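Bear in mind these aren't lab numbers, they're just calculated from the coordinates by the rules spelled out. Please read all numbers here as calculations on a predicted model, not as lab measurements. Cβ atoms come from the backbone with ideal geometry, glycine included; neighbour counts cover every protein chain shown.
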Amino acid sequence: MDQRHVHIDIETKSPVNLKTDGVYNYATHPDTDVLCICYAIDNGPVKRWEPRKLFPTELQNALEDSICWAHNAAFERLMFEHVILPKYGKPCTPNWRCTAVLSRAYGLPSALGDVARFIGLPAQKSHAGQALIRKMCIPDKHGHFQWSENLLAEMLDYCVQDVQVERMIYLTLPDVVDWSAYAMSERINDRGILVDVGFAARAASFAEAEKADIKLQFNKLTGFNSPGSTSYTTHLHQKLLAHSNEAHNLAHWMSSLRLKDGEMVEKLSLAGDIVEALLERSADLPADVVTALELKQRYSRSSSAKFATMVARAGPDGRVRGSYLFLGASKTGRYSARGLQMHNMPRDTVDDPESYIVDGEPLSLEVLPALIRPTLYPPTGTSYMCSDWAGIEARALPWLSDMKLRNRGVINLLALFRRGGDVYVEAATDIYKVEHSEVTKVQRQVGKVAVLSLGYGGSLGAFKSMAAGYGVELEDEVIEAVVASWRENNAWATRFWKQLVAAAIAAVTVPGSIHWSGRVYWVMDGDVLYCTLPSGRRLAYASPRLEAPAEAWMGPQLSTLKAPIKPAADATEWPRERSWRGLLAENVCQATCADILTSALMEVDAWCMGEHISGLQLVGH
C-alpha cells in the first residue's frame with residue numbers, strides 16, 4: 001500500500017511577534033495556542049478541527065505513518081512538537097514535506113498566494129485573510145485577541161482554502177527535491193547556535209546610543225535627519241555638480257544608468273564603496289561634505305541590528321534557531337539566511353574579544369562589527385572547527401566545462417588547484433606576462449578581480465563593478481585589455497558559455513530531447529526547461545521562450561519567467577529575464593557548489609552539530 005499524504009494547515013494565536021522573534025520562540029511560548037486545523041488525506045475532502053472538539057481519529061491514525069505536506073512546513077511541524085503534543089497529546093509524523101521548498105526548487109516565489117497566482121491556480125489565497133489574522137492571531141495593545149463564532153467560521157474557511165491551494169501546488173509541480181537534505185537542514189535549524197545574549201544586549205545598547213549621537217551630528221551639519229536619507233544623496237549630488245571641477249567630476253561616481261520599464265534612468269547611490277572612494281579624494285571635496293561622509297561611513301558600520309536580532313531570537317537556552325532557508329536562492333537552490341543572517345557576518349575579529357566584554361564599558365561602532373563572530377560560541381567542552389571551501393567557484397567552473405581532454409588551459413588550471421596554487425597570481429601572470437615571483441600585490445588584486453568577475457561572461461561593466469570593492473582603479477582601455485587577455489587564456493570558459501546557451505536552446509526547440517554542455521544536460525518537459533547537475537539535482541526554468549534577437553547575427557534569444565519579482569496587481573504576465581550565457585554559467589556553477597556544501601553537511605550531520613556561512617562550514621565537536 002502506498003504511503004498516504006496528509007495536507008495540513010494550522011492557524012494559531014500568540015503574544016509573540018513571529019516576524020521579529022522567530023518561529024521557534026513563537027512555538028515554545030506557553031501562551032501560543034491552536035485556533036483550528038484543516039487537513040486533507042490524499043485526494044479526500046478538506047476537513048476541519050478546532051480544539052473544543054475531539055481530535056479526529058482518522059487524522060491521528062494518518063499522522064502515524066504518513067507524509068505530511070504544508071506550505072512553510074517548519075511552522076506546522078513546530079506547532080505539533082511544542083503545542084499540539086504537550087497540550088493535546090497528539091503526536092505527528094517526522095516525515096515532513098514543504099510546498100514552499102518545492103516552489104523555490106522551480107524558481108517560484110515562496111508566498112502561498114504568489115505561487116498560486118504564478119501557476120494560474122483557480123483557488124488563490126485570500127487577501128482578506130490577512131485582516132482576519134490581525135484580529136484573531138495577534139493581540140491588540142492591551143494583549144487581547146478578538147474572538148467570535150463568526151470570526152472562527154471565517155478563519156476555518158481561510159484555513160480550508162490554504163489546504164486546497166497547498167494541495168494544488170503539490171499536484172501541479174513534479175517533486176524534484178532531495179527531502180533528506182531538507183530534513184538535515186531542519187535539524188541544523190533545530191539545533192541552533194549559542195550566542196552570548198548578555199553581551200549582545202549590551203552591544204546593541206551601545207550601538208543604538210552612538211547611532212543616535214551620529215544622527216544628531218549629521219542633522220546639525222546637513223539639515224537632514226539621517227545619514228541614510230535618499231534626499232541627502234540627491235542633495236549631495238547637486239552640491240558636487242555645482243562645486244569645483246574636481247568635485248563636479250566626483251559627482252559622476254554617484255550616478256549610474258539602470259534599466260527601468262524599458263528605459264534607461266539615472267540611479268544615484270552612496271553605497272559604502274562609493275563613500276570610501278569619495279573620501280579617498282577628500283582634498284577635492286568641501287570640508288562639510290567630508291565630515292558628512294565620515295559620519296555616514298561610521299553610521300553604516302553599525303551592527304546594532306545584528307546584535308538586537310541575537311537578543312530577540314535567542315531562546316531561553318541562549319540558542320538562536322531557524323537561521324537557514326533551504327533552497328532559498330532562486331535558480332541555483334543555494335541556502336539563504338533569515339533572521340540572524342548567518343551568511344552576512346563581518347569577517348574582521350579582534351585578537352582578545354573577552355577583554356571587550358566588560359559591563360558598562362562603552363563600545364564604539366568601529367569595533368562592534370569585529371565582535372559579532374566572537375559572540376557566537378560552542379557548547380561547553382567543545383570547540384569549533386572550520387572548513388573553508390576557498391575559491392570553490394573558480395574551481396568548479398572549469399571542472400563543469402569538462403574540457404580537460406581538449407583544452408590545455410583547463411588541465412593547467414585544475415592542476416594548479418590540486419597543488420594548492422594561487423589562482424589570482426596565475427591570472428596576473430597571464431595578464432601581465434610576468435613570472436609568478438614577479439607578481440606584485442596590485443597585480444594580484446587585478447588578477448583576483450578578473451577571476452571573480454569574468455568567469456560568468458562579464459566584461460567591462462562587471463570588472464569595474466567588482467574592482468570598486470577591491471580598491472582597483474584602471475582606465476577603461478586597460479580593463480578591456482585585461483578582459484581580452486583573460487578570455488584568450490581561458491578559452492575553455494568562452495566555449496563553455498556558448499555550449500550552455502546552445503544546449504538550452506536546442507532542448508527548448510525539440511522538447512524531450514537531451515542536450516549536453518560540459519557535465520550538465522538540458523531537457524524540456526512540459527512548460528519547464530530542466531538542467532541536470534552532476535549531483536542529479538535539476539534546476540528548473542519556467543516557461544522558456546525563444547525570442548527574436550535585436551540583431552539578426554545574434555541568433556534566437558532564450559528567456560524564462562522571473563518568478564521571484566512580483567508584477568503589478570494588474571499585470572497580464574510575470575516579468576521575464578534573458579537567460580544569457582553568463583547567467584546560465586553562474587547558475588550551474590553556484591548550484592554545483594551548493595550541492596558540494598550540502599553533501600559535506602550531510603556527512604558531518606551524523607556525528608556533530610553544524611552551521612554554514614556561504615562557502616564556510618562550521619562544526620562543533
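By the gyration tensor of its Cα atoms, with a ≥ b ≥ c the square roots of the eigenvalues, what is the shape of segment 514-601: rounded for a/c under 1.5, prolate for a/b over b/c, or oblate?
oblate
Out of all DSSP beta bridges in the chain, what portion is antiparallel? Express it as a percent rounded to 5.
Within the chain, antiparallel bridges account for around 90 percent of the total.
Evaluate the chain: find the radius of gyration of its Cα atoms, find its Kirkwood radius, and give the ratio Rg to Rh.
On the way: Rg = 27.1 Å, Rh = 27.7 Å.
When Rh is taken as the Kirkwood radius, the ratio is 0.98.
Which whole-number percent is the relative contact order of the chain (Cα, under 8 Å, 6+ apart)?
Reported as a whole number, the value is 13 percent.
With only alpha-carbon atoms counted, please give the Rg and Dmax of segment 392-493, in Å.
Both quantities, over Cα of segment 392-493: 12.9, 37 Å.
What pairs from 306/331; 13/215; 19/448 go past 30 Å between their alpha carbons? Mind dumping the intermediate values first?
Details: 306/331 28 Å; 13/215 38 Å; 19/448 39 Å.
Violating the 30 Å limit, Cα to Cα: 13/215; 19/448.
Please order 50, 354, 426 by the number of other Cβ within 10 Å, starting at the fewest.
354, 50, 426
Of the options 492, 470, 460, report the single residue whose Cα projects farthest towards the positive end of the charge dipole of segment 446-520 (beta-carbon charges: Lys, Arg +1; Asp, Glu -1).
Projecting each Cα onto the dipole axis, the largest value belongs to 492.
Take the chain, mark every one of the chymotrypsin sites (Phe, Trp or Tyr not before Pro) that falls in a DSSP loop and has at most 15 other Cβ within 10 Å, then report the longest stretch left between them, sites excluded.
Of all site-free stretches, the longest is 148-469.
With the Cα gyration tensor of segment 1-120 giving a ≥ b ≥ c as the square roots of its eigenvalues, does the rule (a/c under 1.5 for rounded; else a/b larger than b/c for prolate; else oblate) give rounded, prolate or oblate?
oblate
Tell me, what is the percent relative contact order of segment 5-177, built from C-alpha pairs under 8 Å that lie six or more residues apart?
26 percent
Which value at 222 nm does the chain reach when only helices count, each DSSP H run of 4 or more adding -39,500 (n - 2.57), with the total divided by all residues and rounded to the nearest 500 deg cm²/dmol? List each step's numbers first, then the result.
Numbers: 23 runs with 282 residues, N = 621.
Calculated mean residue ellipticity at 222 nm is -14000 deg cm²/dmol.
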